[in-house]
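A.B. asks: Take this structure, written in structure tokens, and hold onto it; I'll ask about it next.
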Amino acid sequence: AVKLAMLGMLAMMVYSVYSAITARSRQPSFGLNGGGLDESSSTYGWDGINTIQDVGVPVKIIYGEHRTGGNIINQFISTDGDKQYLNLLIAAGEGEIESISDIKINELPEANFEGIDIEYKYGTNDQTVIANFADLHNVYSVNVNLEKDDPYTYTTIDDDVEVFEVNFTLPAGLYQINSSGAVLSWDVVYKVEYRVHDVGDYIEAGTETISGKTRTAIRRVFRKEGLTPAQYDIRVTRTSDNSSLDPVQAGDLTLASIDEIKTDDLAYPNTALIGIKALATNQLSGATPNVTFVEKGRKIRIPKVLTVLGGDEVDWEDYYYDPDDEVFRTFSDDGELYWDEATYVERWNANPIWCMRDLLTNTRYGLGEHIESEHLDEAELLEMALYCEEKVPDGEGSYEKRFRLDVVIDSSVKTPDLLTQLTSTFRAFSFYSNNGFSFRIDKPEDPVQVFSMGNIIKDSFGQNWKPKSEVYNMIQVQMNDKDIDYKDETVSVMDEESLANGDPIKEKTLRLFIAKKSYALREARYALWLSKYINRSIQIRCGIDAVACKAGDRINVAHDVPQWGFSGRVIAGSTTSSIKLDRLVDIELGKSYALMVKFAD
């Protein structure tokens, strides 16, 4: 937008220099260039939200609230009689988080499944081990049919095994049929031996008998505990007769897998966890299921807002900031709340400024080892955070906070690309300053400095107009919509005036990490206005002593070339009642004039 001001008996254009110091484009890139959060993401990938099982990938950071999947860090099958259970330990993200809810298994609510037990840990530093996951399991498939007196030898992959479990399957059941056709019970016997790899004789671990009278599969587990950590040779021998057709005796014994176990009690401090024990059924069998969940993410530093002095704390989602009275108020009844302007607490919230501050200063997963906290302007951060907390119409007859950040960071991203993508969700841009990254929100502000003929170097002024090819009349925003379970959604805003004039459709698609349609629509309108109305930039040069502004500040500019009024310096001999200018000024009859003077301080 362009405003009109007066400088030295002249009219002067006010130009909002969004980031001229860093020579950025007038329209933010919204992270569309280069790699970003979509790259190799298990949350934002083309295949939708997925559970992964991988090493060397980032631990998720969740700000705000979002559906996501986790990384399986421990998985094994346990057997209880003829029942099999899948056990999954899933890393859900950096802690401490607020909550995990709405778990879905293969896109279905977990309540639809029988025999599901779930336990959570929210990533505190002192959290305890999840039950059933006190051991580390590495399960390796074997799938060898055992014949009588023909031993099978398996050497463990790991060299620090303390416990091993041998998993057996009789896939066709276990039974025999006598001469009269009656189905009878039958027995299968096996022996397990072990030794330290290539050292000495085998030690017998035990001989077991499996009895049964069934045509359905039977599963059994042999467990050996108390081993000194080492690599082991495990020898398994069937000692009973093989299956036969005459007489009919069915009992094929398969060595299905061996579970190499370490007895370390790993609580994974500072990592949120989900422990799942699921009964194998017709609904849930075969491949590892895809587990997703809605997570309210990191608890980070925010103002401690109370009902009254000494009263109860108010949840972040229940209040907004009133800039007119400079107080927090409740959404429900606009009741005034209390904050002492000094006390902060670690709580869940989705204020993008507090999220960005956490990302910049955290030494475990953020940039805290590279950015000194004293380089952050806390007063400026608070000003921007309160602006984000102001209420705006949500388009549905109610109100919501102006900006919020609901994002999952789960892929390897270059820092500038990440900051560009995150700040674009709240109309900000990032830049490097004072040995660290800073950011500014594009919002109404008063000019902080005047640039005029008095401090602009001669012949350094230049203007650039945006080409028509960069003026769009349709903006589309891609986002993950909370109202449709965080599925991909696209919303559009059009310049009705342009289309009514018969202009061809020129479309621009933006990818924003927003989880509510009302926020996406506001940002689409904002991008449309940027495209339509911000159509030129200027370049000026001046001495460093004349620069008192920084990237993102609004400034006043007066220059003779575009005839944005006339300007110069006040010369010696001026007083508060008599101002002497450095040039002649024509005074037209019948017009009133005003004078703006900027002092050296």
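The values are calculated or read from the model by the stated rules, or taken from the named source; none is laboratory data. The model shown is predicted, which means the values in this text are computed figures rather than measured ones. As a convention, Cβ positions derive from the backbone with ideal geometry for all residues, glycine included, and neighbour counts pool all protein chains shown. We work out accessible area using only protein heavy atoms, side chains counted, and drop any ligands, DNA or RNA first. Shrake-Rupley method; radii C 1.70, N 1.55, O 1.52, S 1.80 Å.
A.B. asks: Based on this model, can you work out whether Phe164 counts as surrounded by 16 or more Cβ atoms within 10 Å (Cβ to Cβ), aromatic (Phe, Trp, Tyr) and part of a loop (DSSP other than H, G, I, E, B)? Before the answer, list the steps.
C.D. replies: Values: surrounded by 16 or more Cβ atoms within 10 Å (Cβ to Cβ): yes; aromatic (Phe, Trp, Tyr): yes; part of a loop (DSSP other than H, G, I, E, B): no.
Taking the combined requirement at face value, the residue does not satisfy it.
A.B. asks: Next question. Looking only at the stretch 247-288, which residues are open to solvent by less than 60 Å² (accessible area, probe 1.4 Å), over 22 Å from Asp159 (Cα atoms), outside any loop (DSSP other than H, G, I, E, B) and not aliphatic (A, V, I, L, M)?
C.D. replies: Gln249, Thr254, Thr271, Gly275
A.B. asks: Is at least one residue of the stretch 516-539 touching a residue at least 60 places away in the same chain (Cβ under 8 Å), among the acidic types (Asp, Glu) and in a helix (DSSP H, G or I)?
C.D. replies: Yes, that holds for at least one residue.
A.B. asks: Condition first: in contact with a Leu (Cβ under 6 Å, 6 or more places away or on another chain) and buried (at least 16 other Cβ atoms within 10 Å of the Cβ). Now tell me which residues in the stretch 143-161 satisfy that.
C.D. replies: Once the filter is applied, which keeps residues that are in contact with a Leu (Cβ under 6 Å, 6 or more places away or on another chain) and buried (at least 16 other Cβ atoms within 10 Å of the Cβ), the stretch 143-161 yields only Leu146.
A.B. asks: Would you mind finding the one in Ile118, Ile100, Ile72 that is in contact (Cβ under 8 Å) with a residue 24 or more places away in the chain, of a type in the set (A, V, I, L, M) and crowded, with 21+ Cβ neighbours inside 10 Å?
C.D. replies: Going through Ile118, Ile100, Ile72 in turn, just one is in contact (Cβ under 8 Å) with a residue 24 or more places away in the chain, of a type in the set (A, V, I, L, M) and crowded, with 21+ Cβ neighbours inside 10 Å: Ile100.
A.B. asks: In the stretch 201-239, what residues are outside any strand (DSSP E or B) and either touching a Cys at 6+ places or on another chain (Cβ under 6 Å) or not acidic (Asp, Glu) (or both)?
C.D. replies: Tyr202, Lys213, Arg215, Thr216, Ala217, Gly226, Leu227, Thr228, Pro229, Gln231, Thr239 - these are the residues of the stretch 201-239 that are outside any strand (DSSP E or B) and either touching a Cys at 6+ places or on another chain (Cβ under 6 Å) or not acidic (Asp, Glu) (or both).
A.B. asks: Something else: Identify all residues within the stretch 189-207 that are surrounded by fewer than 16 Cβ atoms within 10 Å (Cβ to Cβ), among the acidic types (Asp, Glu) and in contact with a Lys or Arg (Cβ under 9 Å, 6 or more places away or on another chain); write none if there are none.
C.D. replies: Across the stretch 189-207, the qualifying residues are Asp201, Glu204.
Matching residues to (1) without any contact (Cβ under 8 Å) to a residue 60 or more places away in the chain; (2) assigned to a helix (DSSP H, G or I):
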position: Met384; (1), (2): yes, yes
position: Cys388; (1), (2): yes, yes
position: Val392; (1), (2): no, no
position: Gly395; (1), (2): no, no
position: Arg404; (1), (2): no, no
position: Val408; (1), (2): no, no
position: Ser411; (1), (2): no, no
position: Asp417; (1), (2): no, yes
position: Thr420; (1), (2): no, yes
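A.B. asks: Which one of the conditions (1) surrounded by fewer than 14 Cβ atoms within 10 Å (Cβ to Cβ); (2) under 30 Å from Thr43 (Cα atoms); (3) hydroxyl-bearing (Ser, Thr, Tyr) does Tyr533 fail to meet, given that it meets all the rest?
C.D. replies: Tallying (1) surrounded by fewer than 14 Cβ atoms within 10 Å (Cβ to Cβ); (2) under 30 Å from Thr43 (Cα atoms); (3) hydroxyl-bearing (Ser, Thr, Tyr), Tyr533 fails exactly one: (2).
A.B. asks: Another one. Anything in the stretch 428-447 that is within 30 Å of Leu367 (Cα to Cα), in a loop (DSSP other than H, G, I, E, B) and not basic (Lys, Arg)? List them, or say none.
C.D. replies: Asn434, Asn435, Asp442, Pro444, Glu445
A.B. asks: Please name all residue pairs, on different chains or six or more residues apart, with Cβ atoms under 6 Å, provided the first residue is in the stretch 290-306 and is basic (Lys, Arg) and the second residue is outside any strand (DSSP E or B) and open to solvent by 10 Å² or more (accessible area, probe 1.4 Å).
C.D. replies: What qualifies is Lys299/Glu96; Lys304/Thr343.
A.B. asks: Whether any residue in the stretch 168-183 is within 30 Å of Glu65 (Cβ to Cβ), in contact (Cβ under 8 Å) with a residue 40 or more places away in the chain and either open to solvent by less than 50 Å² (accessible area, probe 1.4 Å) or assigned to a loop (DSSP other than H, G, I, E, B) (or both) is what I want to check.
C.D. replies: no
A.B. asks: With the requirement that a residue be part of a loop (DSSP other than H, G, I, E, B) and of a type in the set (D, E, K, R), what does the stretch 290-345 give you?
C.D. replies: Across the stretch 290-345, the qualifying residues are Lys304, Asp312, Asp315, Asp324, Asp325, Glu326, Asp333, Asp334, Asp340, Glu341.
A.B. asks: Could you list, ordered by first residue, the pairs with Cβ atoms under 6 Å in which the first is in the stretch 35-58 and touching a residue at least 60 places away in the same chain (Cβ under 8 Å) and farther than 24 Å from Gln478 by Cα and the second is of a type in the set (A, V, I, L, M, F, W, C) and surrounded by 15 or more Cβ atoms within 10 Å (Cβ to Cβ), at least 6 apart or interchain?
C.D. replies: What qualifies is Gln53/Ile72.
A.B. asks: Among Asp187, Asp198, which is the only one that is among the charged types (D, E, K, R) and part of a loop (DSSP other than H, G, I, E, B)?
C.D. replies: Of Asp187, Asp198, the one residue that is among the charged types (D, E, K, R) and part of a loop (DSSP other than H, G, I, E, B) is Asp198.
A.B. asks: Count, please, the residues in the stretch 49-73 that happen to be part of a strand (DSSP E or B) and basic (Lys, Arg).
C.D. replies: Number satisfying all stated conditions: 1.
A.B. asks: Looking only at the stretch 558-601, count every residue that is of a type in the set (A, V, I, L, M) and open to solvent by 100 Å² or more (accessible area, probe 1.4 Å) and tell me the total.
C.D. replies: The total comes to 5.
A.B. asks: Do we have any residue at all in the stretch 348-357 that's open to solvent by 30 Å² or more (accessible area, probe 1.4 Å) and not basic (Lys, Arg)?
C.D. replies: no
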